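A.B. asks: One structure is given below, represented as structure tokens, and several questions about it will come after.
The values are calculated or read from the model by the stated rules, or taken from the named source; none is laboratory data. This structure is a prediction, so every number in the text was calculated from the model and none was measured. Backbone-built Cβ (ideal geometry, glycine too); neighbour counts: all protein chains shown.
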Amino acid sequence: MSLAAFASLVALTFALVTADRWHRRRLMHHGAWAMAMALFFVGSFALWWATATGWSNGVFRVFFTAGAVLNVAWLALGSIALLAGDRVARPLRAVLALLSTFAIGVMAVAPTTAPFVSDEFPRARDHFGVLPRILAAVGSGVPALIIIVGALWSVARLASGRTPAVGGARREGLVSAPRLVMSNVLIALGTLVLSASGSLAGRLGEERAFTITLSIGVVVLFVGFLVPSARVTAQGTTGRTATRTV
């Protein structure tokens, strides 16, 4: 229970910090990451509640919706905004908001196929039909692939001497190419850590595996969020030095 509580507090702290950065700068990657961290908090809080009081239909729906269906997609939107700029990410945000609303509606009314046991970690295949599981597979798998491909793509562009950011992203902030690459690599690593709970479940138990990977993964993600937010200096066309936090 203490691990789940720790994960909840970490996720909440990081969500507030990231939201503050979005409030001050209004950069879309900050907004997407703030949403992702808020979803991580909701999911980890549901996990903590379940460890304290037992699993139930409502608690698992919240945990599954925030953790398995929605949060990775908002992480991926942040990576796209960081690499491609707000012009590309803005219409994707509108689509993702609609899909998120649809997914929440589905998860709110989806019938269950079996009762919940309070002291047993639920598995979606034992309690939900096909549509919720498809939403989780698509909502986690496709965005995770986008994050990993974006990280590899940014590394490849840096290795070839080109900037990882393209189009509008170049104009939205002064951030060095290595920082962009490091940010995307850390976010991809955090996503992989969060996906590792299945391999740890056999040794640690599913509930403990989720709390451990959630805590470690959220910390890695937040470090990835902070990397492009450090102050960098670039020489402007007028010969003056411009410094900006993104």
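A.B. asks: In the set 15, 32, 4, which member is touching a residue at least 40 places away in the same chain (Cβ under 8 Å) and either closer than 20 Å to residue 63 by Cβ or touching a His at 6+ places or on another chain (Cβ under 7 Å) (or both)?
C.D. replies: 4
A.B. asks: Among the candidates 135, 145, which residue alone is closer than 21 Å to residue 30 by Cα, modelled with pLDDT under 95 and assigned to a helix (DSSP H, G or I)?
C.D. replies: 145
A.B. asks: Give all pairs with beta carbons closer than 7 Å in which a residue from the range 98-123 that is on the phi < 0 side of the Ramachandran plot and of a type in the set (Ser, Thr, Tyr) meets a residue that is at pLDDT 90 or above and not in a loop (DSSP other than H, G, I, E, B); count only pairs at least 6 apart in sequence or on separate chains.
C.D. replies: Close Cβ pairs (under 7 Å, with a partner that is at pLDDT 90 or above and not in a loop (DSSP other than H, G, I, E, B)) amount to 100/70; 112/57; 112/127; 112/128; 113/127; 113/128.
A.B. asks: Any residue in the range 135-159 that is polar (S, T, N, Q) sitting within a Cβ distance under 7 Å of a residue that is in a helix (DSSP H, G or I)? List the pairs, counting only those 6 or more apart or interchain.
C.D. replies: Within 7 Å, the pairs are 140/68; 140/72; 154/83; 154/180; 154/181; 154/184.
A.B. asks: Would you mind finding the one in 105, 43 that is modelled with pLDDT of 85 or more, part of a helix (DSSP H, G or I) and either among the charged types (D, E, K, R) or over 21 Å from residue 215 (Cβ atoms) (or both)?
C.D. replies: Selected residue: 105, the only one of 105, 43 that is modelled with pLDDT of 85 or more, part of a helix (DSSP H, G or I) and either among the charged types (D, E, K, R) or over 21 Å from residue 215 (Cβ atoms) (or both).
A.B. asks: With the condition kept exactly as written, say whether any residue in the range 26-33 is modelled with pLDDT of 90 or more and crowded, with 24+ Cβ neighbours inside 10 Å.
C.D. replies: Within the range 26-33, one or more residues are modelled with pLDDT of 90 or more and crowded, with 24+ Cβ neighbours inside 10 Å.
Yes/no per residue for (1) within 17 Å of residue 79 (Cα to Cα); (2) among the basic types (Lys, Arg):
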{"position": "8", "(1), (2)": "no, no"}
{"position": "21", "(1), (2)": "yes, yes"}
{"position": "34", "(1), (2)": "yes, no"}
{"position": "46", "(1), (2)": "no, no"}
{"position": "55", "(1), (2)": "no, no"}
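A.B. asks: Considering only residues that are part of a helix (DSSP H, G or I) and of a type outside the set (D, E, K, R), look in the range 120-132 and name the one that is surrounded by the fewest Cβ atoms within 10 Å (Cβ to Cβ).
C.D. replies: Applying the filter and picking the extreme gives 130.
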